[in-house]
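Structure record follows, encoded as structure tokens.
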Amino acid sequence: MKTTISHIKADIGSLPGHTVVYQPVVDEVENYVKNNSEGLISDFHISHIGDDIQITMVHTRGADNPEIHKLAWDAFKAGTEVAKKIGLYGAGQDLLKDAFSGNIKGMGPGVAELEITPRKAEPFIVYMMDKTEPGAFNYPIYKMFGDPFNTPGLVIDPNMHMGFKFEVWDIYNGKKIYLSLPEDTYDLLAFIGSKSKYVIKRVYTKNTHTKLPDENVAVITTDKLSFIAGEYVGKDDPAGIVRIQSGLPASGEALEPFANSYLVSGWMRGSFNGPMMPVGMDNAQMTRFDGPPRVMALGFVMKEGKLAGPVDMFRDVAFDYARNEALNMANYMRRMGVFEPHRLPDEDMEYTALPKILEKRAQDFKKIEDKGANSEMKGGQ
Ligand code: 13P
Ligand code: 13P
Ligand code: MG
Ligand code: MG
Ligand code: MG
């Protein structure tokens, strides 16, 4: 029977400011789901990274199901009431609309859903990132499903050798394209290297795949960006689900992209480039310069609608090197203050005073007719 994994996340308030969720609010969300999900879902798990609460649910109602989305929406609403009472910073930040209207997409929370035919064993990893944007998944997802130096299974496992199909969204124009790897590798990279414009939305097996013909095997949240295509509304701290093993990347191949740090956009005020740092649940809070941007990975198996796990995948010395590298990169980048490429280009900043400064200074700008140093200054201006 088809089973759906729905992962829905939102920032509904933090302590003291964008740093970390507050446990009583997480508890309220968890209790709401527990007490209102009978007959709707077969299992769920609540987690969090930084200021974002994450609900992973298992059910048989398919993707985009109004009742499932409403359950998550109402749970976040209930959590927001607690956040408001306590006076958390940014209470209800990601609940952009007042009333639920059938689909949570476009209302603020991020959604990643996989409708699958479960295998005998169905292992998967849920990745959660804070202080960055969906394009931060482009690099690691490409490495997992497209790069044989990361995933030797692409070369040595006959069930993976045919490669995978990628669904890429052009988030500025609201269009999507399917590209098939390995044959379309260079076209794919041409797009997804521009990670603020093109984002990997889903990965599929190909119909030549011997174990899982045309199954969706990975999905990333892209909501806030996609629903207002063309108009910049800020970054959406993303999450993703990746199925692993038996003809898919092995657990270790799905973690390997994070063994070194890499640069992503987000960090302070959503306006800076900074290093991605893999962390365990015990380090899922944002401190230095509101970061550095972090990723957490929780490993589950699912059987007959029930979850076992999670394993806190990055809570391991094997990722200390990546963490140290990220800290060194953070030092290096921070020295640049408000200079690019630490600070993002104007059009990608979440906050900017530049239009106001330009307006204030407009009359001070003069046409360039260069007559040498200080010629105008000497004229007494
Ligand atoms: P096991 O032989 O322990 O199942 O591991 C197989 C594998 O794919 C490891 O990467
Ligand atoms: P969040 O997107 O995690 O709410 O962070 C916003 C911010 O401005 C951090 O400096
Ligand atoms: Mg926040
Ligand atoms: Mg956040
Ligand atoms: Mg953000």
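Can you pull out the helices (runs of 4 or more DSSP H) entirely within region 312-381 that have at least 1 residues that are modelled with pLDDT of 95 or more?
The qualifying helices (runs of 4 or more DSSP H) are 320-334.
Residue by residue, here is whether (1) on the phi < 0 side of the Ramachandran plot; (2) among the hydroxyl-bearing types (Ser, Thr, Tyr); (3) touching an Asp or Glu at 6+ places or on another chain (Cβ under 9 Å) holds:
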residue: Ala284; (1), (2), (3): yes, no, yes
residue: Leu298; (1), (2), (3): yes, no, yes
residue: Gly309; (1), (2), (3): no, no, no
residue: Arg315; (1), (2), (3): yes, no, yes
residue: Arg335; (1), (2), (3): yes, no, no
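Quick check on my filter: what residues within region 83-101 are farther than 29 Å from Asp64 by Cα and among the hydroxyl-bearing types (Ser, Thr, Tyr)?
Tyr89
Restricting to region 118-149, what's the tally of residues that are more than 15 Å from ligand 4 (Cβ to nearest atom) and in a loop (DSSP other than H, G, I, E, B)?
Adding up the residues that qualify gives 7.
Among Leu327, Leu298, which is the only one that is within 26 Å of Asn273 (Cα to Cα) and surrounded by 20 or more Cβ atoms within 10 Å (Cβ to Cβ)?
Just one listed residue meets the conditions, Leu298.
Please find, among Gly102, Gly110, Gly90, the residue that is closer than 19 Å to Ser6 by Cα, touching a residue at least 40 places away in the same chain (Cβ under 8 Å) and of a type in the set (Gly, Ala, Ser).
From the options Gly102, Gly110, Gly90, the qualifying one is Gly110.
For Val301, which of the numbered conditions (1) within 16 Å of ligand 1 (Cβ to nearest atom); (2) in a loop (DSSP other than H, G, I, E, B) fails to hold?
Status for Val301: all satisfied but (2).
From (1) open to solvent by less than 60 Å² (accessible area, probe 1.4 Å); (2) in contact with a Leu (Cβ under 7 Å, 6 or more places away or on another chain); (3) within 12 Å of ligand 3 (Cβ to nearest atom), pick out the condition that doesn't hold for Val21.
Against the list (1) open to solvent by less than 60 Å² (accessible area, probe 1.4 Å); (2) in contact with a Leu (Cβ under 7 Å, 6 or more places away or on another chain); (3) within 12 Å of ligand 3 (Cβ to nearest atom), Val21 comes up short only on (2).
Anything in region 57-69 that is touching a Lys or Arg at 6+ places or on another chain (Cβ under 9 Å) and either part of a strand (DSSP E or B) or within 15 Å of ligand 4 (Cβ to nearest atom) (or both)? List them, or say none.
Residue satisfying the conditions is Val58 alone.
Kindly list, by first and then second residue, each pair from a residue in region 130-148 that is more than 22 Å from Met268 (Cβ to Cβ) to a residue that is within 16 Å of ligand 5 (Cβ to nearest atom), limited to pairs with Cβ atoms under 9 Å and residues at least 6 apart or on different chains.
Listed by first residue and then by second, the contacts come to Pro140/Tyr127; Pro140/Gly240; Pro140/Met276; Pro140/Val295; Ile141/Ile220; Ile141/Gly240.
Yes or no, residue by residue, for (1) open to solvent by 60 Å² or more (accessible area, probe 1.4 Å); (2) of a type in the set (Ser, Thr, Tyr); (3) touching a residue at least 60 places away in the same chain (Cβ under 8 Å):
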| site | (1), (2), (3) |
| --- | --- |
| Ile156 | yes, no, no |
| Glu167 | no, no, no |
| Leu179 | no, no, no |
| Thr185 | no, yes, no |
| Phe191 | yes, no, no |
| Ser196 | no, yes, yes |
| Lys206 | no, no, no |
| His209 | no, no, no |
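For Arg269, are the conditions met, namely being of a type outside the set (Val, Ile, Thr), within 15 Å of ligand 4 (Cβ to nearest atom), over 23 Å from Thr205 (Cβ atoms) and open to solvent by 50 Å² or more (accessible area, probe 1.4 Å)?
yes
When you go through Phe124, Phe137, Phe149 one by one, which is the residue that is open to solvent by less than 40 Å² (accessible area, probe 1.4 Å), at pLDDT 95 or above and over 15 Å from the mean Cα position of the chain (by Cα)?
On inspection, the qualifying residue turns out to be Phe124.
With respect to the numbered conditions (1) in a loop (DSSP other than H, G, I, E, B); (2) away from ligand 3 (no atom under 16 Å from the Cβ); (3) surrounded by 18 or more Cβ atoms within 10 Å (Cβ to Cβ), which one is the sole condition not fulfilled by Asp237?
Result: Asp237 passes all but (2).
Within region 11-44, count every residue that is outside any helix (DSSP H, G or I) and within 16 Å of ligand 4 (Cβ to nearest atom).
12
Would you mention how many residues in region 278-298 are outside any loop (DSSP other than H, G, I, E, B) and touching a Pro at 6+ places or on another chain (Cβ under 6 Å)?
Final tally of qualifying residues: 2.
What number goes with the only condition from (1) of a type outside the set (S, T, N, Q); (2) in a helix (DSSP H, G or I); (3) within 16 Å of ligand 2 (Cβ to nearest atom) that Ala91 does not pass?
(2)
Would you mind stating whether His45 is farther than 21 Å from Met107 by Cα and outside the structural domain of Met277 (by TED's automatic domain parsing)?
So His45 passes the test.
The values are calculated or read from the model by the stated rules, or taken from the named source; none is laboratory data. Keep in mind that this is a model prediction, so the values were computed, not measured. As a convention, Cβ positions derive from the backbone with ideal geometry for all residues, glycine included, and neighbour counts pool all protein chains shown. These accessible areas exclude ligands, DNA and RNA; they are computed on the full protein's heavy atoms, side chains included. Shrake-Rupley method; radii C 1.70, N 1.55, O 1.52, S 1.80 Å.
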